[in-house]
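Participant: A single structure is presented below for examination.
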Amino acid sequence: MGTDTKKLEAIRTTMADRGVEFMFAQFVDMYGRPSAKLIPAERLDDLVEDGAGFAGFAAGEIGQLPSDPDIAAMPDLDSFTLVPWQPNLARFACDVTVEGEAWPYCPRTILRNVTGEARAQGYEFKIGIELEYFLVQLNADGTIEIADKLDTLEKPCYDMAGLTRQYEFLTTVSRYCNELGWGNYANDHEDANGQFEQNFEYDEALVSCDRAIFFRYMVHTLAEQYGRIATFMPKPFTSLTGNGCHFHMSLWKDGVNVFLDEADPRGLGLSEEAYGFIGGLKTHARAYSALTAPTVNSYKRLKIGSTSSGATWSPVWISYGYNNRTQMLRIPAPGRIEDRTVDGSCNPYLAAAAVLASGLDGMANKLDAGEPNSENLYSHSYAELTARGLRSLPANLLEATVELEQDDVLRAALGRTRENEEYIDYYVKVKRDEWFRYHEQVSAWEVREYLTRF
């Protein structure tokens, strides 16, 4: 594919007007961790033509062996981003290539492939992403605590005083989101002490995922400038609510939201296509949770029980219904579906690819969504819900990888990597190693529980 010279010239003009001197050529690994090279602005043409070279094996989980040729990060001109707090700096989100070919381990490429399948059917996948985070400080003994010592309310959600104390930080992030054209529309103190959420408008899936990566980077960077640490870790505190990364999803065709049906007899404002999509999400949820809740820590957020507010806000039961936050899939408004399994540690590209492939399978095979659920699922016991036929998400990362490994739809969607390997096999291998490294550690809880019991 040739370079769009009109876009390139517009970028060149913007960089000159802004005084941009350097550019990040940035890509992400399996974990969603951004890697980059800092490129002088006068080498823009070289970057666009040849990309930025990396020794891929050194850059993280991107499927490279030490014997492989270098990767080249090829900038997507549509992702050009001016860094608001550093006026002479810009960023490109890049697709990873090797010797001129798309690298099948690149998460951004995997999402491109799945959205390409949707596009071949006439659909555009749009997502709104809600990223929650804590502002903390690291103590000398390695523990963390809430950065705001006055944020101690038992139920601090929407606390005006808590927002006021963080006013400068939150409004700086909000202004930067709006400078970038993302349309920040709300900033709130979340359910836990020290926890915040700052929302921006939905867009095409690849655009929203690029923004999610930059948002996490931006919040981390600004928090450091304010002498704090920002964490999107799913469950940094045992007794507090965890960090979600909820996806609000819809499919569009010819500028029309095909999930929307105001005459829906079930009263949710959803079309038959949307119900098929939900059927796919429910069918594949146990498998795709390995991608939407991809860490050991994720399954400490996805738990049956309560936190200090009396709710986890991260349902484990595979269900859907109405504007009801005890459902895994919430219908907050006609024409869109919210998936609440997704957490702050996800690689948004892989998570989006997985949920889209699941939903498209549901539509293609008319998988039954079942009836919507309007109950407060937190008011029923585990035994009662399982007796009624409800399934729960996996209890831990190891269990999730077993489910993912057996899911042929997701296996096909994430694609083949090497001659004798598919991406799911690579992903499962890395994640099982992560699980076993965790499992082999003896925790303080185990010492307290077992030291003198026997």
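The values are calculated or read from the model by the stated rules, or taken from the named source; none is laboratory data. Small disclaimer: the values here were computed from a predicted structure and weren't measured. Neighbour counts run over all protein chains shown; Cβ positions are idealised from the backbone, glycine included. Quick note on the areas: whole protein, heavy atoms, side chains included, nothing else; ligands and nucleic acids left out. Shrake-Rupley method; radii C 1.70, N 1.55, O 1.52, S 1.80 Å.
Participant: Given the criterion within 27 Å of E419 (Cβ to Cβ) and either open to solvent by less than 20 Å² (accessible area, probe 1.4 Å) or outside any loop (DSSP other than H, G, I, E, B) (or both), identify the matching residue among A16, A72, A36.
Facilitator: That would be A72, the only listed residue that is within 27 Å of E419 (Cβ to Cβ) and either open to solvent by less than 20 Å² (accessible area, probe 1.4 Å) or outside any loop (DSSP other than H, G, I, E, B) (or both).
Participant: Residues to consider are A285, A223; find the one that is more than 22 Å from E190 (Cα to Cα), part of a helix (DSSP H, G or I) and open to solvent by less than 10 Å² (accessible area, probe 1.4 Å).
Facilitator: A285 is the lone residue from the list that is more than 22 Å from E190 (Cα to Cα), part of a helix (DSSP H, G or I) and open to solvent by less than 10 Å² (accessible area, probe 1.4 Å).
Participant: Can I ask one more? Can you tell me which residues in the range 341-352 are assigned to a loop (DSSP other than H, G, I, E, B) and either out of contact with any Ser or Thr (no Cβ under 6 Å at 6 or more places or on another chain) or hydroxyl-bearing (S, T, Y) (or both)?
Facilitator: The answer is T341, G344, S345, N347.
Participant: Check whether at least one residue in the range 298-309 is in contact with a Ser or Thr (Cβ under 6 Å, 6 or more places away or on another chain), within 23 Å of L153 (Cα to Cα), of a type in the set (V, I, T) and crowded, with 21+ Cβ neighbours inside 10 Å, and report yes or no.
Facilitator: No, the range 298-309 contains no residue that is in contact with a Ser or Thr (Cβ under 6 Å, 6 or more places away or on another chain), within 23 Å of L153 (Cα to Cα), of a type in the set (V, I, T) and crowded, with 21+ Cβ neighbours inside 10 Å.
Participant: So which residues in the range 77-128 are of a type in the set (D, E, K, R), under 23 Å from E61 (Cα atoms) and in a helix (DSSP H, G or I), if there are any at all?
Facilitator: R108, R112
Participant: Hey, among A90, A52, which residue is over 21 Å from the mean Cα position of the chain (by Cα), closer than 20 Å to C177 by Cα and open to solvent by less than 10 Å² (accessible area, probe 1.4 Å)?
Facilitator: Testing whether each residue is over 21 Å from the mean Cα position of the chain (by Cα), closer than 20 Å to C177 by Cα and open to solvent by less than 10 Å² (accessible area, probe 1.4 Å) leaves just A90.
Participant: Of all residues in the range 353-379, which are open to solvent by less than 50 Å² (accessible area, probe 1.4 Å), under 25 Å from A205 (Cα atoms) and part of a loop (DSSP other than H, G, I, E, B)?
Facilitator: L367, A369
Participant: Additional query: Can you tell me which residues in the range 133-160 are crowded, with 19+ Cβ neighbours inside 10 Å and out of contact with any helix residue (DSSP H, G or I) (no Cβ under 8 Å at 6 or more places or on another chain)?
Facilitator: Answer for the range 133-160, where residues must be crowded, with 19+ Cβ neighbours inside 10 Å and out of contact with any helix residue (DSSP H, G or I) (no Cβ under 8 Å at 6 or more places or on another chain): F134, V136, I146, A147.
Participant: Looking at (1) in contact (Cβ under 8 Å) with a residue 24 or more places away in the chain; (2) under 27 Å from the mean Cα position of the chain (by Cα); (3) open to solvent by 80 Å² or more (accessible area, probe 1.4 Å), which one does Y382 not meet, given that it meets all the others?
Facilitator: The failed condition is (2).
Participant: Count, please, the residues in the range 168-191 that happen to be within 25 Å of W313 (Cα to Cα) and open to solvent by 90 Å² or more (accessible area, probe 1.4 Å).
Facilitator: 1
Participant: Continuing with this model, one more query. Just the residues that are of a type outside the set (F, W, Y) and part of a strand (DSSP E or B), please, taken from the range 146-193.
Facilitator: If the condition is that a residue be of a type outside the set (F, W, Y) and part of a strand (DSSP E or B), then I146, N184, A186, N187, D188, H189 are the ones that fit.
Participant: Next question, about the same structure. Tell me which residues, restricted to the range 230-246, are of a type outside the set (G, A, S) and surrounded by fewer than 17 Cβ atoms within 10 Å (Cβ to Cβ).
Facilitator: Scanning the range 230-246 gives a single hit, T238.
Participant: Can I ask one more? Here are the criteria: (1) of a type outside the set (A, V, I, L, M); (2) open to solvent by 10 Å² or more (accessible area, probe 1.4 Å); (3) under 27 Å from S358 (Cα atoms); (4) within 20 Å of the chain's Cα centre (by Cα). Tell me which single one P107 does not satisfy.
Facilitator: Of everything listed in (1) of a type outside the set (A, V, I, L, M); (2) open to solvent by 10 Å² or more (accessible area, probe 1.4 Å); (3) under 27 Å from S358 (Cα atoms); (4) within 20 Å of the chain's Cα centre (by Cα), P107 misses just condition (2).
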